[in-house]
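Colleague: Supplied in structure tokens, the structure appears directly below.
The values are calculated or read from the model by the stated rules, or taken from the named source; none is laboratory data. Bear in mind the structure is a predicted one, so any value in this text is a computation, not a measurement. Because the Cβ atoms are built from the backbone with ideal geometry, glycine has one as well, and the counts that use them run over all protein chains shown. What goes into the accessible areas is simple: the full protein's heavy atoms, side chains included, and nothing from ligands, DNA or RNA. Shrake-Rupley method; radii C 1.70, N 1.55, O 1.52, S 1.80 Å.
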Amino acid sequence: MANASRPDRPGWAAGGGVIVAASTDLAPDGSSQVFCIVRPEPKSGSLCEASVALGGSGEFASASVWLRSVAGRGTWRLRLLDFTTFNNVNAVVEVGPEWRRYSLALNLQARDTGAKRFAVLWNEPFAAVTAAPAIYALKPPTPYLPARTPLTLNGVLIWGAQLETGNEASSFIATSGAAGQRAADEVTFPAAPLNAAAGRLTIVLPDGGRRGGVILDARGDDGGLRLEYSNSGWLVGRVGRVVLAGFGDVTADTVVRLEWSAAGVQLFTGTTPESLVLRAALQTSPLPLACGAQARLGMLADGRRPLGRVVAQLTLDGEVVAVARALRPNFVPAAYHLVFGDDFDDPDLGRINENATGGRPGAPAWRSRYRHERRTAINQEKQIYMDPQFAGTAQQPLRVQPFAIRDGILEIRAERTAPAVAPYLWNRAYTSGCITSELTHWQTYGYFEMRARLPRGKGFWPAFWLLPKRAAWPPEVDVFEASGTRPYAIKHGAIEKPRSATTAAGMWVDGIIDTSDGFHIYGMEWTRDNIVYFIDGIKSFEYGPHGIHEDMYLLANLALGSHDPNWIPDPDQTTPFPGLYEIDYIRAYQRGAS
């Protein structure tokens with residue numbers, strides 16, 4: 001942003017009687033560009049904000065500022081928003097007599113085309129809350145207080161406001177009359193030792209890691225070595241031609257270890273070198289390594305934007321241990337047993353068909369369409385669900401195959417409709433696939449789980465959900481819905497009439513994972529009283545008490561577009577076809593003895 005430390009200059013605005021004045025106090029870096037912001041009485045409706053420019057759809061933008069109280073300790077509110085759609089994030093922070101940096105991260109959507117404003121003071125009045133809603137946001141712990149907390153400070157000192165791409169603030173760069181560009185923060189060192197045929201690299205990060213950040217890169221995209229975090233916080237290693245990833249957010253761990261030899265590669269993290277936990281292992285030789293001349297430490301994944309807080313100690317030796325096997329976490333609640341499932345280890349695609357015929361134990365048959373006929377689009381989606389035997393208006397099957405099973409993974413593939421078959425499909429623009437257990441399995445209550453990687457791109461709408469066995473709607477239970485333009489969000493919810501729940505019917509849960517960066521585990525426990533949702537084993541939402549007490553069957557589908565561009569926009573020329581909804585397994589469990 002322009003005039004990063006000068007809220008008295010162009011680009012900034014104050015309202016509601018707010019006073020902005022220079023202060024004689026020193027900034028955290030020892031400079032004198034500190035300003036004081038004072039709220040008048042009455043305090044509601046006052047603000048001080050800067051107009052800012054943000055990145056494109058699907059990106060995170062971070063706004064940060066240093067604050068210090070004028071006297072005592074109290075509360076203050078910050079906000080970052082799009083002024084047209086009011087997509088925003090705000091937080092109440094506790095400010096004391098010492099300088100402290102506070103930051104907000106906003107996930108931008110395609111519809112967020114309005115002016116963007118970062119308010120370093122925002123005090124809108126809120127109605128009193130009588131009870132906390134049963135909503136669970138899986139964001140990392142923050143020092144922030146509930147949004148409806150009243151503000152108690154009359155004034156604060158401000159310095160170093162900054163806006164940048166990414167979900168976390170980097171080191172501050174001062175600007176004057178215009179927004180500034182910056183080079184990447186990086187440290188380089190000779191990479192030759194990393195070319196060893198066997199090595200144990202231990203990295204100590206006193207400040208922990210960062211989602212989307214690269215710890216170390218030595219030609220990692222070209223047969224060298226790279227250690228990085230996914231956007232979900234998983235540790236990822238690239239060693240030679242071997243790529244492996246852990247599970248779960250480990251950015252809080254301060255020690256990372258990578259071991260490699262001809263026997264394979266393994267990754268560990270922990271809080272001390274003596275308490276490391278195996279996160280991933282692969283018994284495949286990565287050799288030879290080609291790490292080049294220089295290794296770089298501490299960049300974001302694209303190598304251009306700064307990490308900003310690189311503090312690390314690296315130790316390399318040849319003491320590698322035998323490559324072990326990393327166990328996949330088990331999130332199934334106690335007392336449940338498996339009653340239906342497909343791990344897609346059987347490559348037979350013939351069991352996915354119009355009438356769900358075929359199948360065998362452990363490899364059930366699936367119906368390849370909804371209960372209604374294929375041409376019907378309930379939510380004005382733009383796809384038609386296919387299988388190879390569907391003929392449309394032709395006299396013979398069109399042989400459009402939207403499914404594949406590779407290495408135990410089911411792929412549901414969305415494509416632009418081929419011109420040769422479009423006339424027989426009512427000129428529907430896209431083909432895709434769905435699977436349902438309508439004719440093979442249904443149950444009342446239970447725990448349902450899928451491990452999947454979801455597609456990123458405009459128009460993609462993957463879902464995993466339940467519908468009633470009887471021919472009726474509602475009810476409906478959505479284990480998840482996702483949007484290709486919101487890769488950092490998951491939608492949970494349920495639909496019933498009449499609605500008996502006291503909680504919200506559903507919600508988008510933001511900032512937990514990147515749905516496209518790996519295979520995440522989505523779970524849902526449906527009991528007589530409540531429906532509880534999980535992402536990677538962590539509770540993310542709860543619905544209830546509910547009135548859904550009947551047999552339901554499972555569905556997984558990849559739709560394209562919808563009736564509402566603010567919900568799921570239609571695909572366009574930017575959409576990266578083919579879109580792949582990749583499913584490792586689908587499982588259903590019930591309580592009681594097997």
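Colleague: Give segment 233-285 a look and list any residue that's closer than 19 Å to ARG219 by Cα, crowded, with 19+ Cβ neighbours inside 10 Å and of a type in the set (D, E, K, R), or say none.
Modeller: ARG238, ARG257, GLU259
Colleague: Might you check whether a residue that is open to solvent by less than 30 Å² (accessible area, probe 1.4 Å), part of a strand (DSSP E or B) and under 20 Å from ARG453 (Cα atoms) occurs anywhere in segment 415-427?
Modeller: Taking segment 415-427 as the starting set, the residues that turn out to be open to solvent by less than 30 Å² (accessible area, probe 1.4 Å) are 417, 421-422, 425.
Now drop any that are not part of a strand (DSSP E or B), which leaves none.
Checked segment 415-427: no residue is open to solvent by less than 30 Å² (accessible area, probe 1.4 Å), part of a strand (DSSP E or B) and under 20 Å from ARG453 (Cα atoms).
Colleague: Those residues that are open to solvent by 50 Å² or more (accessible area, probe 1.4 Å) and either out of contact with any strand residue (DSSP E or B) (no Cβ under 6 Å at 6 or more places or on another chain) or outside any loop (DSSP other than H, G, I, E, B) (or both), I need them from segment 86-109; list them, please. Show your work before the answer.
Modeller: Start the filter on segment 86-109 by keeping residues that are open to solvent by 50 Å² or more (accessible area, probe 1.4 Å), which leaves 86, 88, 94, 97-101.
PHE86, ASN88, GLU94, GLU98, ARG100, ARG101 - these are the residues of segment 86-109 that are open to solvent by 50 Å² or more (accessible area, probe 1.4 Å) and either out of contact with any strand residue (DSSP E or B) (no Cβ under 6 Å at 6 or more places or on another chain) or outside any loop (DSSP other than H, G, I, E, B) (or both).
Colleague: Just give me the residues in segment 1-21 being part of a strand (DSSP E or B) and surrounded by 13 or more Cβ atoms within 10 Å (Cβ to Cβ), in sequence order.
Modeller: TRP12, ALA13, ALA14, ILE19, VAL20
Colleague: Which residues, counting only those in segment 204-240, are out of contact with any Leu (no Cβ under 9 Å at 6 or more places or on another chain) and among the basic types (Lys, Arg)?
Modeller: Correct list: ARG211 only.
Colleague: Residues being open to solvent by less than 20 Å² (accessible area, probe 1.4 Å) and acidic (Asp, Glu): count how many of those fall in segment 482-517.
Modeller: Adding up the residues that qualify gives 2.
Colleague: Same structure again: MET450 fails exactly one of the following numbered conditions: (1) surrounded by fewer than 16 Cβ atoms within 10 Å (Cβ to Cβ); (2) closer than 30 Å to ASN530 by Cα. What is the number of that condition?
Modeller: Among (1) surrounded by fewer than 16 Cβ atoms within 10 Å (Cβ to Cβ); (2) closer than 30 Å to ASN530 by Cα, MET450 violates only (1).
Colleague: Please specify each residue of segment 539-563 satisfying the condition of being surrounded by fewer than 16 Cβ atoms within 10 Å (Cβ to Cβ) and over 21 Å from TYR370 (Cα atoms).
Modeller: Scanning segment 539-563 gives LYS539, PRO545, GLY547, HIS549.
Colleague: Could you grab me the full set of residues in segment 438-489 that are free of Cβ contacts under 8 Å to residues at least 24 places away in the same chain and within 16 Å of the chain's Cα centre (by Cα)? Step through it out loud before you land on a result.
Modeller: At the first step, the residues of segment 438-489 found to be free of Cβ contacts under 8 Å to residues at least 24 places away in the same chain are 472-474, 476, 481.
Residue satisfying the conditions is GLU481 alone.
Colleague: In addition: Could you please find all residues in segment 255-290 being more than 14 Å from ALA322 (Cβ to Cβ), among the small types (Gly, Ala, Ser) and not in a loop (DSSP other than H, G, I, E, B)?
Modeller: Hits for segment 255-290 are GLY270, ALA280.
Colleague: Turning to a different aspect of this structure: Condition (residue is open to solvent by less than 10 Å² (accessible area, probe 1.4 Å), of a type outside the set (Lys, Arg) and part of a strand (DSSP E or B)) applied to segment 568-577: is it met by at least one residue?
Modeller: Looking through segment 568-577, none of the residues is open to solvent by less than 10 Å² (accessible area, probe 1.4 Å), of a type outside the set (Lys, Arg) and part of a strand (DSSP E or B).
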